[in-house]
Amino acid sequence: MNVSVQEVESTAFVRDEELWFPDGNVVLEAQGRAFRVYQGLLAHHSEIFRDLFTVPQPTTTEMYEECPIVHLTDQPEDLRQLLRVIYHGNRYYPADEQLEFAIVAALVRMSHKYAIEHIRDSYLSRMKSCFCEDLDDFRKFRSQSGSPSMKLCVTATDAIAAVNIARLTETLSMLPSALFFCCLLKTETLINGHPRADGTLDCLSPADVIKCIDARLC
């Protein structure tokens, strides 16, 4: 198969100011935001990225400064969070730093999608520090104002995303507490969901909405 190369102008996307390495050898583009990074390191961490880089090329390959461009469907901020941890490791988010729920949720979703288990498990453990199965910890969570976890800062509406992440990753130990906190939400939020900062809407599945409504009627 003959493959033609299309050189893409820099105006076709916005360079990410943080994750644009001049000697990077691949450009990841997500929703118009571009990250110039290192293909080998991504492939080392993720078999999904490795397979993505080795699939047969289409008849026209987009390039920028001799780097192939790979188009992704992810939200730019979610991809940025994953790349930060891949390239900087624990130096970017130290284990003793309390993180916003949105950061942790993005890292769990993205590392699950790209099959990077050590990142997924690390940030799931932070989430489980609030959405826990231990009865004493759960009572502590309920009784304190703000976030009782030194690892995670949560708000009431974060429970919706926590339920969905528990389903996504099959972390069933999170479900009882996450669904309980969903039951405490306003009915409008429970049914219609809650928007993330990027506009994506976190909604419970119809089955989980019914569970919460039934529990509130008991």
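Please verify whether region 170-186 includes one or more residues that are at pLDDT below 95, at positive phi and loosely packed, with under 13 Cβ neighbours inside 10 Å. Within region 170-186, not a single residue is at pLDDT below 95, at positive phi and loosely packed, with under 13 Cβ neighbours inside 10 Å.
Residues checked against (1) at pLDDT 90 or above; (2) outside the structural domain of R120 (by TED's automatic domain parsing); (3) under 16 Å from A115 (Cα atoms):
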{"residue": "L42", "(1), (2), (3)": "yes, yes, yes"}
{"residue": "F49", "(1), (2), (3)": "yes, yes, yes"}
{"residue": "F53", "(1), (2), (3)": "no, yes, yes"}
{"residue": "Q57", "(1), (2), (3)": "no, yes, no"}
{"residue": "I69", "(1), (2), (3)": "yes, yes, no"}
{"residue": "L82", "(1), (2), (3)": "yes, no, yes"}
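Among the residues of region 61-102, those identified as within 19 Å of G199 (Cβ to Cβ), out of contact with any helix residue (DSSP H, G or I) (no Cβ under 6 Å at 6 or more places or on another chain), free of Cβ contacts under 8 Å to residues at least 60 places away in the same chain and not in a strand (DSSP E or B) are T73, D74, L79. Going by what's in this entry, would E18 be described as farther than 14 Å from H71 by Cα and part of a strand (DSSP E or B)? Criteria met by E18. Report yes if some residue within region 90-97 is over 16 Å from the mean Cα position of the chain (by Cα) and basic (K, R); otherwise report no. Yes, region 90-97 has at least one match. Checking each residue in region 105-138 for being of a type in the set (K, R) and either modelled with pLDDT under 95 or in contact with a Cys (Cβ under 8 Å, 6 or more places away or on another chain) (or both) picks out R126, K128.
The values are calculated or read from the model by the stated rules, or taken from the named source; none is laboratory data. Just so it is clear, the structure is predicted and the values come from calculations on it, not from any experiment. We place every Cβ from the backbone using ideal geometry, glycine too, and count neighbours over all the protein chains shown.
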